[in-house]
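So the structure is just underneath, and the comments pick up after that.
What follows draws every value from the coordinates through simple rules; no lab data is involved. Everything numeric in this text was worked out from a predicted model, so none of it was measured. Quick reminder, even Gly has a Cβ in these numbers, built from the backbone with ideal geometry, and neighbours come from all protein chains shown.
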Amino acid sequence: MQRINYLALVKAKKSSSRKAAGTSKVKEPEAVYAALKVAEPVAVEKIASKFGLPQETLSRMTGFSLRAVANWSRGKSPSAPVRRALVEMDRLLDSLSRLMKPKDVGRWLKEPNPALDGSTPVQVIERGQTDRIWRLLYFLESGEPG
């Protein structure tokens with residue numbers, strides 16, 4: 001008795017019907033996910049040098065281990081959630097650099113700030129209160145009292 005490979009028959013039937021209809025092949029899931037990836041990953045080493053941030057501070061700001069930050073600095077590709085966190089951190093640092101020299105950002109992040117109830121900005125970020133930094137930036141840039 002001959003075995004029939006039903007999966008091969010179904011694939012062949014779909015392929016021939018696509019060709020007849022003139023449609024292209026449906027994108028594979030990997031291709032769809034690849035299109036969603038960030039085109040150019042955030043270079044951790046560039047961020048560190050541009051803003052005068054040691055890896056320890058980057059680790060504290062992102063919430064990831066020092067070892068992970070060191071790996072990304074050496075070129076290891078971060079995962080999608082990590083890339084999102086790095087992009088968000090880069091946005092915040094770029095916004096801060098509009099108010100001060102980029103190299104001064106690292107020092108400012110580690111100094112106690114009266115507008116943050118005496119906490120350092122890094123401590124505020126570690127507590128998940130980045131919105132307080134964004135609010136502070138808004139008031140500083142707009143000139144509104146806050």
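Observations
- Applied to region 66-75, the Karplus parametrisation 6.51 cos²θ - 1.76 cosθ + 1.60 on θ = phi - 60° returns per-residue 3J(HN,Hα) values of 4, 5, 5, 4, 4, 5, 5, 5, 7, x Hz, with x for Gly and Pro.
- Taking the inverse of the mean 1/r over every pair of distinct Cα atoms in region 27-142 gives a Kirkwood hydrodynamic radius of 15.1 Å.
- Cα→Cβ-extended label distance, 7 Å offset, between SER142 and LYS76, nm: 4.2
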